[in-house]
Protein chains: 2
Amino acid sequence: MKKMPLSVFDTDHHVGDTMVTAADYQLEDQVGFIMRCVNQRHLSIFSRLIPELTPTQFSALAKLCATGQASQNELGRMIAIDAATIKGVVDRLKHRGLISSESQPSDLRRLILKPTEEGRQLFHQISAAARQVSEDTLKPLSEKEKHVFMNLLDKLR
Amino acid sequence: MKKMPLSVFDTDHHVGDTMVTAADYQLEDQVGFIMRCVNQRHLSIFSRLIPELTPTQFSALAKLCATGQASQNELGRMIAIDAATIKGVVDRLKHRGLISSESQPSDLRRLILKPTEEGRQLFHQISAAARQVSEDTLKPLSEKEKHVFMNLLDKLR
DNA sequence: CACAAACTGTTAGTACACAAACTAATTTGC
DNA sequence: GCAAATTAGTTTGTGTACTAACAGTTTGTG
C-alpha cells in the first residue's frame, strides 16, 4: 500500500462547503511521522543488540566513559538531555552500580559523576554492538546513500 | 570548559588487557543520536505551531478524519502506535471532545471511533500549520536535498 | 459442535522527555 | 558589599512508548 506515485497525490478532494479537505494532508508523507517510524525500527534494533541498556542510558554511560567525569547537568547538556530527564537516567545507572556520584567541595551544588569500574567494563563490552546498531539501522542504504543521508541528517540537527 | 579540541579526544585510554578503547566510539556520529536531536528540534517546531495537540494526538485525529472511522486497535495500526499506547491517546482526545467512541454491535470487542464535529473543525483549522511544521523542519535543506532526504528516510522506515 | 487460536481492549510497570515551580549555592554587576 | 541574575539540582505533572499479562469475544478447524 501507499505505493501510489507521489506526483498524483489524490486530487479527489473538495466537497463544496469547505475549501479545506482531508485529502490534501498526507500524514504518511510528513517528516515527523516517518522519523517516528524510523526511530521505532532503530529502537527495536538497539534493544535486540543491547538489551542491557536503553539508548539514553548508553549515551550517558558512553559520554561519561569518554570524558572521565562530569556533573549531572553538564552530562545532560553534552548528550542533549534536559535536567529533569537526566536525573532519572543517572539514578538508574547509579542504582545499577555503573556510575558513582559525589558532591564537589568547591561548588556544593554540583554532583560529580564518574563511571565505576563495572560501568567501564560494560561500556567496553557493548561498544562493538553499539557500532553494529548504527550499521544495521542504515543497512537499507548503499554506502553512498548512507554518507549522503548522514550528511543531510546532520544539517537538520 | 569542555572546549578542548575534538581532534584530541582523550587518547590516554587503554589499560593493556583489552583492545577496545573509548575513543573509537563517537556518540555524536551515530544515527540514533542525531535522529534524537533532529526529533527534538521537530518537536519544538511542532509545539510552537500547534500548541493544541501533540504530534501523536494530531496523527490520530488526522487519520480518523481521513478515514471517517476506525476501531481503536485499527487506528493504532494505521499510524504505527501499539495497542497500549493508543488507548491513552484516544482517552485524551475523547476527554477533550474531539472524538467519540461506541462499541460495535456486530463485534463486541471493538470500539468504533469517529471524529466529532469539533474534532473535524480543529483538524481543518490546524492542517495548514501541520504542513508548515514539515516545511520548517526541513528548512535547513535545499529543495533538491529535501527530496533526497525524504527519499532516503523512507527507505529506513 | 467444540475448542484452540487469534483478536480487542485494558491494566501495570518501566523509561524517556519536557514544562513549570522550587531550593540552594554561586557569580555578577553596580 | 550586597542585591540580582544565573546555575545546579529536585519535584511534580502530563504525555508518549513499549512489554507483559489478562479477560472477553470471535473465528477457524478438526
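Only the coordinates and a few stated rules stand behind these numbers; no lab work does. All figures in this text were calculated on a predicted structure; none of them were measured in a lab. Using ideal geometry, Cβ is built from the backbone for each residue, glycine included, and neighbour counts are taken over all protein chains shown.
In this model, which of A:LYS87/A:LYS155; A:LYS139/B:LYS144; A:LYS94/B:LYS155; A:LYS144/B:LYS144 are farther than 27 Å apart at the alpha-carbon? Over 27 Å Cα-Cα: A:LYS87/A:LYS155; A:LYS94/B:LYS155. Where the only charges are on Cβ atoms (+1 Lys, Arg; -1 Asp, Glu), what is the dipole of the stretch B:54-133 about its Cα centre, to the nearest 20 debye? Taking the Cα centre of the stretch B:54-133 as origin, the dipole is about 100 debye. For A:HIS95, the distances from its label point to the matching points in the remaining copies are 2.5 nm, ordered from shortest, with each point set 7 Å beyond Cα toward Cβ. When the Cα positions of B:ASN151, B:VAL31, A:THR54 are compared along the charge dipole of the protein assembly as shown, A:THR54 comes out farthest toward the positive end, with charges on each C-beta of Lys, Arg, Asp and Glu. Seen against the Cα atoms of chain B and their longest principal axis, helix B:117-137 is set at about 20 degrees.
For the peptides B:97-105, B:148-156, residues were scored by their other Cβ atoms within 10 Å and the scores averaged per peptide; the highest-first order is B:148-156, B:97-105. Percent of Cα pairs in the stretch B:54-133 per distance bin of 10 Å, from zero to the largest separation: 20, 55, 22, 3, 0. Take B:ASP29, move 7 Å from Cα toward the beta carbon, and the resulting point lies 3.7 nm from the same point in each other copy, nearest first. For the stretch A:91-153, the average shadow cast by the Cα convex hull is 6.9 nm², which is a quarter of the hull's surface. Between the helical axis of A:55-67 and the longest alpha-carbon principal axis of chain A there is an angle of about 50 degrees.
Suppose we look only past 35 Å in the calculated P(r) of the protein assembly as shown. What percent of the Cα-Cα pairs does that tail hold? Taking all Cα-Cα pairs of the protein assembly as shown, the fraction more than 35 Å apart is 33 percent. Each copy carries B:ARG41; placing its label point 7 Å along the C-beta direction from Cα gives inter-copy distances of 2.2 nm, listed from smallest up.
This model, with +1 at the C-beta of Lys and Arg and -1 at the C-beta of Asp and Glu, gives the protein assembly as shown a dipole about its Cα centre of some 320 debye. Charge tally around A:GLY119: other residues with Cβ under 13 Å, Lys/Arg +1 each, Asp/Glu -1 each, net +3. Basic side chains Lys and Arg get +1 at the Cβ, acidic Asp and Glu get -1 at the Cβ, and with that the dipole of chain B about its Cα centre reaches some 640 debye. Output the 0 to 90 degree angle, nearest 10, between the alpha-carbon long axis of helix A:143-155 and the longest principal axis computed from the alpha carbons of chain A. That helix lies at roughly 80 degrees to the long axis.
Could you work out the Rg to Rh ratio of chain B, with Rh taken as the Kirkwood radius (inverse of the mean 1/r over all Cα pairs)? Don't jump to the answer; show the numbers that get you there.
Working: Rg = 22.1 Å, Rh = 19.2 Å.
That ratio is 1.15, to two decimals.
Per residue of B:96-106, other chain Cβ atoms within 10 Å of the residue Cβ number 0 on average.
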